[in-house]
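Accompanying notes for the structure given below.
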2 protein chains.
Amino acid sequence: MDVLTRIRAAGFRATKQRIELVRFLEKTEHPLDIQDIVKGLSRSTDMVTVYRMLAAFKRADLVREVNLRGEHPRYELADESDHHHIVCTDCGRIEDFTDETHERIGKQVLARSKSFEAITGHSFDLYGVCKPCAK
Amino acid sequence: MDVLTRIRAAGFRATKQRIELVRFLEKTEHPLDIQDIVKGLSRSTDMVTVYRMLAAFKRADLVREVNLRGEHPRYELADESDHHHIVCTDCGRIEDFTDETHERIGKQVLARSKSFEAITGHSFDLYGVCKPCAK
DNA sequence: TTAGCTGCAAATACTTTGCACTGGG
DNA sequence: CCCAGTGCAAAGTATTTGCAGCTAA
């Protein structure tokens, strides 16, 4: 589905700011924070507009918010396959990995829990040292 | 180990503010944010001091920072056994659970990764609906 | 005694809100 | 045409920094 269609399908007007945002996120490999995103868009696009676009896209499940340790939230397109992040604690490099095990863990936890009725989401991220930083 | 000794062992002076903070965190069942903590301490303890105590205790591994979705950071004593949190997305209720599986996942990810040398930490939390909220 | 801590004030950083104008459909 | 969306300004929060005075050791 092309960018304009995706934006409209989510119930929004396809403005040039929104089109540029989606195209920019399509090009990025890893979740970016507000600052990164503002820097990546036309200088004329206000940071406030970026906040508003991301909030709206998040509500519409077009964009996914990623919260890593101590950092401000980062954003990535939600259509990317479900994955988790491994982060270098030294340089901040982020890489993706996939894992299905947590689903089973969720079910186990639910079975044992006296107080929870359902599980609707999870966060699972790893922190480590990347090879360049390990040297 | 008693509170004063623990604080001193971490390399700090056992001031009344720090003693009160540790005693307060010992009583709490789940990680609290800055606001909760300030409210729980003597009115005379400045919020700035709370920020500074938590930052120092975190560096000294006396306190652990917990980052949940979209929330400001929360803090709990680090001596509590390694555990994860399950959070009700409706009322914010937090419960603990333990799981060892993520260690194995970490090793698998590391084995497959071309760019990471070591894993030093992780975050794993579940989100769901608690029984009272499900009704 | 004296360096580590604290409280108060102020600076900085981040995010949200209000409002008039613009442009997408 | 008209209302969702934008930019600019300003307000609201969260967090950090500077510094003078206090206090634990």
Given C-alpha coordinates of chain B, what is the ratio Rg to Rh with the Kirkwood estimate of Rh?
1.03
Give the long-range amide H neighbours of B:Leu68: residues separated by 5 or more places, or on another chain, with amide H under 5 Å away, using H modelled in the peptide plane at 1.01 Å from N.
B:Arg74
Long-range amide H partners of B:Arg93 with built H, under 5 Å:
B:Cys88
With each pseudo-label sitting 7 Å past Cα toward Cβ, what's the B:Lys107-B:Ala14 distance in nm, one decimal?
4.1
Work out the charge dipole of chain A with +1 on the Cβ of Lys and Arg and -1 on the Cβ of Asp and Glu about the Cα centre, then indicate which of A:Ala134, A:Gly70, A:Val48 is farthest towards its positive end.
A:Val48
Over its Cα atoms, what ratio of radius of gyration to 2.2 N^0.38 Å does the protein assembly as shown give?
1.13
Calc'd 3J(HN,Hα), segment B:63-68, phi into Karplus 6.51 cos²θ - 1.76 cosθ + 1.60 (θ = phi - 60°), Hz, glycine/Pro = x, comes to 10, 10, 8, 10, 10, 9
Amide H contacts under 5 Å for A:Val63, placed H, 5+ residues apart:
A:Lys58, A:Ala78
Here is the link list: A:Lys131/B:Lys58; A:Lys27/B:Lys114; A:Lys58/B:Lys58; A:Lys58/A:Lys135; A:Lys58/A:Lys114; A:Lys16/A:Lys131. Which ones come out longer than 30 Å on Cα distance?
A:Lys58/B:Lys58; A:Lys58/A:Lys135; A:Lys58/A:Lys114; A:Lys16/A:Lys131
Taking the reciprocal of mean 1/r across every pair of different Cα atoms in segment A:83-134, the Kirkwood radius in Å is 12.9
What does a probe at B:Glu117 reach in segment A:82-117, counting residues whose amide N is under 20 Å from the point 7 Å along Cα→Cβ?
A:86-96
Cα extents of segment A:3-77 along the principal axes, largest first, in whole Å, come to 35, 26, 22
3J(HN,Hα) from dihedral phi, segment A:8-23, Karplus parametrisation 6.51/-1.76/1.60, rounded to Hz, x for glycine, proline
5, 4, 7, x, 10, 7, 8, 7, 5, 5, 6, 4, 5, 4, 5, 4
Residue by residue through segment A:123-135, the couplings from Karplus 6.51 cos²θ - 1.76 cosθ + 1.60 with θ = phi - 60°, in Hz, x for Gly and Pro, are 9, 8, 9, 10, 10, x, 10, 7, 4, x, 6, 6, 6
Placing each pseudo-label 7 Å from Cα in the direction of the beta carbon, A:Lys58 and A:Asp96 end up separated by a distance in nanometres of 2.0
For segment A:54-116, run through the trypsin sites (Lys or Arg not before Pro) and keep only the ones in DSSP coil with at most 11 other Cβ atoms within 10 Å of their Cβ.
A:Lys114
Along chain B, longest interval not containing exposed GluC sites (Glu not before Pro), exposed being DSSP loop plus at most 11 other Cβ atoms within 10 Å:
B:30-99
Can you give the mean number of other chain Cβ atoms that lie within 10 Å of the Cβ atoms in peptide B:82-88?
3
Taking every Cα atom in segment B:54-114, find the radius of gyration and the maximum pairwise distance Dmax, and write them in Å.
14.4, 41
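Computed from the coordinates by the stated procedures, all read-outs in this text should not be read as laboratory data. These numbers were taken from a predicted model, which means no experiment stands behind them. Cβ atoms come from the backbone with ideal geometry, glycine included; neighbour counts cover every protein chain shown.
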